[in-house]
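Worksheet: one structure, shown below.
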Amino acid sequence: MAANAGSAADQTPSALQLRVRMLEMSPVFAELSDGALRALARRMRVVGLPAADKLKLGTEHGDLVVFLASGLVEQSLTDASGRVLLARRRLPGDLLILPVHRSGDRFVTSIDGMSNAVLLTLDRDSLIQGLGPEVEKVATALDQLWTQELAAVEAAEVQLSSRTSAPIVAFFSAKGGAGLTTLAVNTSAALARTYPRQVLLIDLSAPFGHAALFSDLIATGSIASAAKAAPADFDTVLRQHIVYHRSGMGVLPGTLRPEEADLMTGDLTGRVLDIVVSWQRVVVVDLGTSLAEAALAVIERAECLVVVVPPEIAAMTDARRSLAVFRDIMNVPDNRIELVLNQRVPHPPLERAAIEGILGRKMSVTVGFDDSRPEDATLAGGLVLQRDASSLVSRGATELARVIMTNLKLSA
């Protein structure tokens, strides 16, 4: 392994610009100011890793941040006995998640060069000098990434011991602002109480998905970014982009940036579903308001379709048209559709009976107006289901999870 820190070539404007761009694309550093990003870019140390060479870092290593600038590496995590807990295939631009030193922890991460690779590293002093008071925010994010990595280890062990073919549950609303993602996230967490580490929420809400944000998780990749990997590595890279919540559910974003939305084709979505159903018990997909190619690929395979309806006059026409598409064009059986009335305002203009009359269907679940409790829980860094089990959204999500399990004939 060869280090090459501080040479004139490392400090050229073009080299610094590439590093700033890499930092900007990272979920840990994306919100920093331009000045802070440039300060970090200047302090990055260049490390060459030849093919077939290995770099080992323990919980007390000096480097806190490692990016892969070029080449291809495989990162593996081992415990004190040398047992491999997790393996990750890293692509250029990826932030390598490193062990955080905690009392009693003895982990080692190994970085193996699959080809000639170049790493960019930052040690503790460089972070402090480059960020000043902002270093605490970055340190907290790095610690959370490590916590998510440990959760992935636990999930891998559970999923390996219980392989099955998971049913797919699609969440859809014809109108934005209906509280769809809030319900999808909290219902997934409620399902994960029965199947911990075996419930996956895929966020296909485009162009901006918020499932990871609502779950207080740091998204490290997406389906769209996994699609850029070599075909032989797609399965591995897809798995490592799932981040796990302490409730037991996993979250897989479809995209992280609006420009990636065009990559979400029906074929790609089908490939993802083929992979994830084999190591989950339930797969939940947040479709948002989309009926694009990717959403249709999900609905065609969904064994349960949850349609969230707000009690608004403008939403009735859209809901009726959507239900007609599902029934008459996509041939979705009525018994696979569950309607949810989500009362997002304290005094809705339409009563439940009136809505059921307009749509010609009974509501499976009604979620009462919960004021700002879901948003307050998100700002506090948690799910309303965990922070206030008696809230109306929590009770509605729990009831909806029960309805889904009954529809799918899943045993507790």
| query | Taking interchain pairs and intrachain pairs at least six residues apart, which have beta carbon atoms under 6 angstrom, with the first residue in region 91-109 and over 27 Å from S225 (Cβ atoms) and assigned by TED's automatic domain parsing to the domain that holds V138 and the second at pLDDT below 75 and part of a loop (DSSP other than H, G, I, E, B)? | reply | H101/T59; H101/E60; D105/T59
| query | S81 versus (1) surrounded by 15 or more Cβ atoms within 10 Å (Cβ to Cβ); (2) at pLDDT below 90: which is the lone unmet condition? | reply | (1)
| task | Kindly indicate whether Q75 is among the polar types (S, T, N, Q), modelled with pLDDT of 90 or more and farther than 14 Å from A117 by Cβ. | result | no
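One line per residue, one yes/no per condition, for (1) crowded, with 19+ Cβ neighbours inside 10 Å; (2) at pLDDT 95 or above:
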position	(1), (2)
M316	yes, no
D328	no, no
E338	yes, yes
L341	yes, yes
H347	no, no
| message | Can you report the number of residues in region 363-394 which are part of a helix (DSSP H, G or I) and either touching a strand residue (DSSP E or B) at 6+ places or on another chain (Cβ under 8 Å) or hydrophobic (A, V, I, L, M, F, W, C) (or both)? | response | 6
| said: Quick test for you: out of A377, A389, A397, pick the one residue that is at pLDDT 95 or above and closer than 30 Å to T140 by Cβ. | reply: A397
| field | Residues being polar (S, T, N, Q), in contact with a helix residue (DSSP H, G or I) (Cβ under 7 Å, 6 or more places away or on another chain) and farther than 14 Å from A170 by Cα - total across region 258-279 | value | 1
| Only listed residue being under 26 Å from A401 (Cβ atoms) and either part of a loop (DSSP other than H, G, I, E, B) or assigned by TED's automatic domain parsing to the domain that holds A292 (or both), chosen from F234, F171 | F171
| Which numbered condition V135 fails, given (1) closer than 29 Å to L85 by Cα; (2) touching a Leu at 6+ places or on another chain (Cβ under 7 Å); (3) assigned to a helix (DSSP H, G or I); (4) at pLDDT 85 or above | (1)
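Would you call V393 touching a residue at least 60 places away in the same chain (Cβ under 8 Å) and more than 20 Å from L213 (Cβ to Cβ)?
Answer is no for this residue.
The values are calculated or read from the model by the stated rules, or taken from the named source; none is laboratory data. For clarity, every value in this text was computed on a predicted model and none was experimentally measured. Cβ sites come from the backbone with ideal geometry, for glycine too, and all protein chains shown count toward neighbours.
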